[in-house]
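Okay, so here's the structure we're looking at.
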Amino acid sequence: MPAIKDILANKGSQVLSVSKSATVMDAALLMNEHKIGALVVVENKQVIGIFTERDVLQRVVAVTRDPAKTRISDVMTTEVACARPETKIDEARSVFKNRRIRHLPVIDDNKQLVGLISIGDLNAYEINGQETTIHFLHEYLYGTTDTGHTA
């Protein structure tokens with residue numbers, strides 16, 4: 001059964017992170033620059049929080065905080081669901097659904113950050129697998145249609 005490590009093998013394990021002392025403005029600019037929806041907040045290589053687009057809306061904009069003066073530590077989500085590379089994809093999907101989240105940090109046995117997957121990464125992985133299966137079934141049923149020869 002596929003696991004998160006299979007998604008990370010395709011996606012890579014680079015994760016953008018931020019310190020708890022960074023400002024919301026710094027974090028938002030980094031997120032915009034890289035076109036991402038979340039930054040993992042780390043301290044001593046361990047996950048201490050996550051800062052997402054939802055945090056910006058609910059904890060900064062909705063309460064009219066100044067993003068240039070507000071620290072990440074004041075508005076980050078501290079109850080972070082994490083997974084391991086061996087976590088099965090079905091289990092990760094359940095975490096996304098049940099906790100109503102879109103980002104899942106991946107940690108190793110030492111609780112150090114080794115990756116991050118999003119619900120979009122999970123969907124893309126599953127769709128790619130389905131497309132491959134459809135292609136092989138088509139080849140099995142109808143034979144090779146693209147031989148490179150013209151009639």
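The values are calculated or read from the model by the stated rules, or taken from the named source; none is laboratory data. Only a predicted model underlies this, so the values are computations on that prediction, with no experimental measurement involved. As a convention, Cβ positions derive from the backbone with ideal geometry for all residues, glycine included, and neighbour counts pool all protein chains shown. Note: accessible area is taken over every heavy atom of the protein model, side chains too, but ligands, DNA and RNA are not part of it. Shrake-Rupley method; radii C 1.70, N 1.55, O 1.52, S 1.80 Å.
Go through the residues of segment 19-26 one by one and say whether even a single one is on the phi > 0 side of the Ramachandran plot and open to solvent by less than 50 Å² (accessible area, probe 1.4 Å). Walk me through it before giving the result.
Of the residues in segment 19-26, the ones on the phi > 0 side of the Ramachandran plot are none.
The answer is no, given that none of the residues of segment 19-26 is on the phi > 0 side of the Ramachandran plot and open to solvent by less than 50 Å² (accessible area, probe 1.4 Å).
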Any residue in segment 57-86 that is in contact (Cβ under 8 Å) with a residue 40 or more places away in the chain and under 18 Å from LEU30 (Cα atoms) sitting within a Cβ distance under 7 Å of a residue that is of a type in the set (Phe, Trp, Tyr) and open to solvent by less than 80 Å² (accessible area, probe 1.4 Å)? List the pairs, counting only those 6 or more apart or interchain. ILE72/PHE51; MET76/PHE51
Members of segment 55-74 found to be among the hydrophobic types (A, V, I, L, M, F, W, C) and surrounded by fewer than 18 Cβ atoms within 10 Å (Cβ to Cβ), listed by number: LEU57, VAL61, ALA62, VAL63, ALA68
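Would you mind stating whether LEU8 is out of contact with any Leu (no Cβ under 6 Å at 6 or more places or on another chain), under 23 Å from TYR125 (Cβ atoms), among the hydrophobic types (A, V, I, L, M, F, W, C) and in a helix (DSSP H, G or I)?
Details: out of contact with any Leu (no Cβ under 6 Å at 6 or more places or on another chain): yes; under 23 Å from TYR125 (Cβ atoms): yes; among the hydrophobic types (A, V, I, L, M, F, W, C): yes; in a helix (DSSP H, G or I): yes.
Spelling it out, LEU8 is indeed out of contact with any Leu (no Cβ under 6 Å at 6 or more places or on another chain), under 23 Å from TYR125 (Cβ atoms), among the hydrophobic types (A, V, I, L, M, F, W, C) and in a helix (DSSP H, G or I).
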Being outside any loop (DSSP other than H, G, I, E, B) and either surrounded by 15 or more Cβ atoms within 10 Å (Cβ to Cβ) or in contact (Cβ under 8 Å) with a residue 40 or more places away in the chain (or both) is the filter here, so list the residues in segment 96-113 that pass it. PHE96, HIS103, LEU104, PRO105, VAL106, ILE107, GLN112, LEU113
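Return yes when LEU122 is aliphatic (A, V, I, L, M), under 26 Å from LEU29 (Cβ atoms), open to solvent by less than 40 Å² (accessible area, probe 1.4 Å) and in contact (Cβ under 8 Å) with a residue 40 or more places away in the chain and no when it is not. Break it down into steps so the answer makes sense when it comes.
Working: aliphatic (A, V, I, L, M): yes; under 26 Å from LEU29 (Cβ atoms): no; open to solvent by less than 40 Å² (accessible area, probe 1.4 Å): yes; in contact (Cβ under 8 Å) with a residue 40 or more places away in the chain: yes.
The answer is no for LEU122.
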Could you pull out the residue among THR52, THR87, THR77 that is touching an Asp or Glu at 6+ places or on another chain (Cβ under 7 Å), hydroxyl-bearing (Ser, Thr, Tyr) and open to solvent by less than 40 Å² (accessible area, probe 1.4 Å)? THR77
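For VAL60, indicate whether it is assigned to a helix (DSSP H, G or I) and of a type in the set (Val, Ile, Thr). Spell out the reasoning first.
Values: assigned to a helix (DSSP H, G or I): yes; of a type in the set (Val, Ile, Thr): yes.
Taking the combined requirement at face value, the residue satisfies it.
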State whether the residues of segment 74-94 include one that is in contact with a Gly (Cβ under 9 Å, 6 or more places away or on another chain) and part of a helix (DSSP H, G or I). no
